[in-house]
Amino acid sequence: MKVTGFSFIKNAIRFDFPIKEALLSILPLCDEIVVAVGDCTDGTRELVQSIHPTKIKIIDTVWNNTLTTGGVVLAEETNKALKIIGDDSDWLIYIQGDEIFHEADYTAIKNAMEQYKEDKRVDGLLFKYRHFYGSYDYVATSSRWYKNEIRIIKNNKSIYSYKDAQGFRKGNNEKLNVKAIDAYVHHYGWVKEPKIMMNKRKEGVKFWEGEKYTEAFEAKNLGDFNYGEIDILEKFYGAHPLVIQQKIALVNWKFNYDLSYNKLSIKDTAKRIIQKLTGKYDLFEYKNYKLT
């Protein structure tokens, strides 16, 4: 069984993306990893190249700056990496620059790939998510944070990155048939030093809502990002992946959250009540996939 990883990245050092840790977290599962490295001058390419002398294959790309809505440029960059993967790989593992697999889940991931390798009904494997926010001590749990997404797909040339690269589709906009596995993606995109987080959020506006990025917008958003503007968080008591523990030890800012406080909307509060009564916690969740 041959497994290829793939990813994309741009300005990882400038915006403090843990791309090195992300790629290291899938390296033990992969025979090779293809990374589309965008046009940047902050040393990101050299960082990616240093991770492994033979397993990492870089393709140099230029981001399309005319794609300024909906984050579609991220899917375009993902597809650039996806398209050059050879036909001899059985499974493809996708990781974004702020996502990390946990080594405790390697056995479950390997077993699932072996189990469904020849099953034509299965297009991919579905992971659970932990979205860290503010610091490495808290996870966001309101309904606006997706709880599951596809991160391993079959090497099927009809599969492509969808919309803002959160998930995948195949053929003519068809959802993938997936198997849920007992494995987590740790998402650290909302854990950065507050000033860097503000700069990252401003950069994101260029590719999601480009028309909003004006001189007035830039002038209004010069300070630190306010992590306090969040609806509800929970404390994380588990262990972080080994590859990111050194980075966690170097954190130089503080974020504390009152767990008794929340800003949940009436709609979200109602959802939680219904979920507790029914025991169906994915009842209202948007699903960019079909469980099989």
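Laboratory data are not the source of any read-out in this text; all were calculated from the coordinates shown. Being a predicted model, the structure only gives us computed values, none of them experimental. All Cβ positions, glycine included, derive from the backbone under ideal geometry; neighbour counts span all protein chains shown.
Taking H placed 1.01 Å from N in the peptide plane, check which residues at least 5 places from Tyr138 or on another chain put their amide H under 5 Å from its amide H.
So Tyr138 has HN proximity to Tyr133, Phe236.
Which order results if Arg151, Arg14, Arg169 are arranged by neighbouring Cβ count within 10 Å, fewest first?
Numbers: Arg151 24, Arg14 16, Arg169 20.
Ascending Cβ contact count within 10 Å gives the list Arg14, Arg169, Arg151.
Shape of region 19-93 from its Cα gyration tensor (a ≥ b ≥ c, root eigenvalues): rounded if a/c is under 1.5, otherwise prolate when a/b > b/c, or oblate?
Values: a/c = 2.07, a/b = 1.33, b/c = 1.55.
In terms of gyration-tensor shape, oblate.
Would you please classify the overall shape of region 155-263 from the alpha carbon gyration tensor, given that a ≥ b ≥ c denote the square roots of the eigenvalues, rounded means a/c under 1.5, and beyond that prolate means a/b larger than b/c while oblate covers the rest? Mind showing how you got there, number by number?
Values: a/c = 2.08, a/b = 1.22, b/c = 1.70.
Since a/c reaches 1.5 but b/c is at least a/b, the shape of region 155-263 is classed as oblate.
Ignoring everything except DSSP H segments at least 4 long, calculate the 222 nm mean residue ellipticity for the chain; use -39,500 (n - 2.57) per segment, divide by total residues, nearest 500. Could you put the intermediate results ahead of the total?
Working: 8 runs with 79 residues, N = 292.
It lands at -8000 deg cm²/dmol.
Put a dot 7 Å past each Cα toward the Cβ at Tyr106 and Lys83; how far apart are the dots in nm?
3.4
As I understand it, the dipole of region 82-217 uses +1 on the Cβ of Lys and Arg and -1 on the Cβ of Asp and Glu, about the Cα centre. Which of Gly134, Ile196, Gly210 lies farthest toward its positive end?
It is Gly210.
Extension gain Glu118-Asp224, at 0.36 nm per residue separation less the Cα-Cα distance, in nm? Don't skip to the answer; put the middle values down first.
On the way: separation 106, 0.36 × 106 = 38.16 nm, distance 5.01 nm.
Gain on extension, Glu118 to Asp224, equals 33.1 nm.
Quick one, can you get me the convex hull of the C-alpha atoms of the chain expressed as volume per residue in Å³?
Details: hull volume 43.7 nm³, N = 292.
Cα convex hull per residue, to the nearest whole number: 150 Å³.
What shape does region 49-161 take by its C-alpha gyration tensor, where a ≥ b ≥ c are the square roots of the eigenvalues and a/c under 1.5 counts as rounded, a/b above b/c as prolate, and the rest as oblate?
On the way: a/c = 1.42, a/b = 1.04, b/c = 1.36.
Since a/c stays below 1.5, the shape of region 49-161 is classed as rounded.
Step through the residues of region 96-105 one at a time and calculate ³J(HN,Hα) from phi using the Karplus curve (6.51 cos²θ - 1.76 cosθ + 1.60, θ = phi - 60°), rounding each to whole Hz and writing x for Gly and Pro.
Listing the rounded values in order: 8, x, 10, 10, 9, 7, 9, 4, 5, 9 Hz.
What are the ³J(HN,Hα) values, in whole Hz, obtained from phi via the Karplus relation 6.51 cos²θ - 1.76 cosθ + 1.60 with θ = phi - 60°, for each residue of region 149-162 in sequence order, with x given for Gly and Pro?
Computed from phi, the couplings for region 149-162 are 6, 7, 10, 9, 10, 5, 7, 10, 5, 8, 8, 9, 5, 10 Hz.
Rounded to whole Å and sorted largest first, what semi-axes of the equivalent ellipsoid does the C-alpha gyration tensor of region 84-223 yield via the square root of 5 times each eigenvalue? Numbers along the way, then the final one.
Details: eigenvalues 212, 75, 29 Å².
Those come to 33, 19, 12 Å.
What is the dipole size for the chain, taken about its Cα centre, with +1 at each Lys and Arg Cβ and -1 at each Asp and Glu Cβ, in debye to the nearest 20? Display every interim value, and only then the final one.
Working: 44 positive and 40 negative charges, 156 e Å.
The calculation lands at about 740 debye.
So how much slack lies between Arg14 and Ala216, counting 0.36 nm per residue of separation and subtracting their Cα-Cα distance, in nm?
On the way: separation 202, 0.36 × 202 = 72.72 nm, distance 2.28 nm.
That pair, Arg14 and Ala216, stretches by 70.4 nm at full extension.
Which is the longest stretch in the chain that no exposed loop site breaks, taking sites as GluC sites (Glu not before Pro) with a DSSP loop state and at most 12 other Cβ atoms within 10 Å?
On the way: sites that count: Glu118, Glu229.
The longest such stretch corresponds to 1-117.
Residue by residue through region 27-35, what is 3J(HN,Hα) from phi via Karplus (6.51 cos²θ - 1.76 cosθ + 1.60, θ = phi - 60°)? Round to whole Hz and write x for glycine and proline.
Result, rounded to whole Hz: 4, x, 9, 10, 7, 7, 9, 9, 10.
Using DSSP to call loops (not H, G, I, E or B), can you name the chymotrypsin sites (Phe, Trp or Tyr not before Pro) in region 212-247 whose Cβ has at most 12 other Cβ atoms within 10 angstrom? Could the numbers behind the result be given before it?
Working: sites: Tyr213, Phe217, Phe225, Tyr227, Phe236, Tyr237; in loops: Tyr213, Phe225, Tyr227, Phe236, Tyr237.
Sparse-neighbourhood loop chymotrypsin sites (Phe, Trp or Tyr not before Pro): Tyr237.
Which order results if Val34, Val178 are arranged by neighbouring Cβ count within 10 Å, fewest first?
Values: Val34 23, Val178 26.
Least to most surrounded, the residues fall as Val34, Val178.
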